[in-house]
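Down below is the structure, laid out as structure tokens.
The values are calculated or read from the model by the stated rules, or taken from the named source; none is laboratory data. On a predicted model such as this, the values are computed, not experimentally measured, just so you know. Heads up, the Cβs are rebuilt from the backbone with ideal geometry, glycines too, and the neighbour counts pull from every protein chain shown.
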Amino acid sequence: MTQNALPVFVLNGPNLNLLGQREPEKYGTATLADVQALCEETATGLGLAVDFRQSNHEGTLIDWIQEARGSGSGIILNPAGYTTTSIAIMDALLAADLPVIEVHITNIHRREEFRHHSYVSKVAEAVIAGAGTHGYRLALEHMARLVQTDQA
Ligand code: CA2
């Protein structure tokens, strides 16, 4: 078995650039740069490449999801505040026709009711919530299984 040579897109939604700087009791002390390093190190160990990005803008996230079709092997997405609202992101994920894993640092189901519903979950292969930033590592490990090919 070999891994797909195309990178896994790891996309992060609004306000996640504040990781490690605000609300550490909720989101932990790791910064987004720390999470990127964790993803890159994990990916290397799995024989994967990652393309790690964050945007506060819905349209930019949609552009990146569209870009992943053809230049990525899968999408790991923390949609953050767009989780509960964005039919447009859900539609883009459907059109991308790639395996999608949704990640949330916190357990959204243990939080306010309005955080429980996710449009992304409707199109995701797997959902990881509540494992802290370790959830990104878990997502990459599962993505490695999804993108394995049978080439020599
Ligand atoms: O638990 C998660 O990963 C969330 O996707 C984070 C979102 C929240 O809206 C979702 O319900 C669950 C919020 C991202 C904001 O990130 C911050 C990080 C540090 C400080 C302030 C905000």
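Pick from Glu125, Glu58: which is under 14 Å from Gly13 (Cα atoms) and of a type outside the set (Val, Ile, Thr)?
Within the list Glu125, Glu58, the selection yields Glu58.
Looking at Ala95, Ala43, can you tell me which residue is farther than 17 Å from Ala144 by Cα and either modelled with pLDDT under 95 or of a type outside the set (Val, Ile, Thr) (or both)?
Checking each option against the conditions leaves just Ala95.
Can you tell me which residue is farthest from the ligand (Cβ to nearest atom) among those in the range 37-55 that are without any contact (Cβ under 8 Å) to a residue 24 or more places away in the chain and of a type outside the set (Ser, Thr, Tyr)?
Once the filter is applied, the top-ranked residue is Gly45.
Report, by residue number, each residue of the range 18-31 that is near the ligand (Cβ under 8 Å from one of its atoms), closer than 16 Å to Gln54 by Cβ and surrounded by 11 or more Cβ atoms within 10 Å (Cβ to Cβ).
Residues satisfying the conditions are Leu18, Leu19, Gly20, Gln21, Tyr27.
So, in the range 99-133, how many residues would count as being in a helix (DSSP H, G or I) and either without any contact (Cβ under 8 Å) to a residue 12 or more places away in the chain or buried (at least 20 other Cβ atoms within 10 Å of the Cβ) (or both)?
The number of residues fulfilling the criteria is 3.
What number of residues in the range 93-119 are near the ligand (Cβ under 10 Å from one of its atoms), hydrophobic (A, V, I, L, M, F, W, C) and under 23 Å from Ala68 (Cβ atoms)?
The qualifying residues number 2.
Quick one: is Ile65 modelled with pLDDT of 95 or more and within 16 Å of the ligand (Cβ to nearest atom)?
It is false that Ile65 is modelled with pLDDT of 95 or more and within 16 Å of the ligand (Cβ to nearest atom).
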